[in-house]
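Below is one structure; the comments refer to it alone.
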Amino acid sequence: MTAQARTQNSVANNNVESVDKATAARLKSIIERVERLEEEKAALAEDVKEVYGEAKATGFDPKIIRKIVRLRKIELDKRREEEMLLETYKAAIGME
């Protein structure tokens, strides 16, 4: 082990020793909460996937449903402005 590596290990050990038990417990709690939320997020993503599958089986186009969901998140005025710009750009390049 090089002198630099020994110094880095020593610094790391000193840092670990300087973290009190309450701080370590708080850090562990935060990490565990994030892990639980990530698990919940994955489960919710699977649920959403199943709903889109149900929509497809019913004859709806999931791609269009996703687009509508995305559009509904945008404020009405902002959405109208974007749609107007889209139409303007499409007309400018001969798509309309």
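Below is a table of values for the structure above.
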item: Yes/no for residue 74 being surrounded by 10 or more Cβ atoms within 10 Å (Cβ to Cβ), at pLDDT 95 or above and not in a helix (DSSP H, G or I); result: yes
item: Number of the exception - residue 16 against (1) hydrophobic (A, V, I, L, M, F, W, C); (2) at pLDDT below 90; (3) surrounded by 10 or more Cβ atoms within 10 Å (Cβ to Cβ); result: (3)
item: In the range 22-66, the residues that are of a type in the set (Ser, Thr, Tyr) and surrounded by 11 or more Cβ atoms within 10 Å (Cβ to Cβ); result: 52
item: Residue that is modelled with the lowest pLDDT [pool: residues in the range 77-96 that are of a type in the set (A, V, I, L, M, F, W, C) and in a loop (DSSP other than H, G, I, E, B)]; result: 95
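The values are calculated or read from the model by the stated rules, or taken from the named source; none is laboratory data. Note that the structure is predicted; figures quoted are calculated from it, not measured. Quick reminder, even Gly has a Cβ in these numbers, built from the backbone with ideal geometry, and neighbours come from all protein chains shown.
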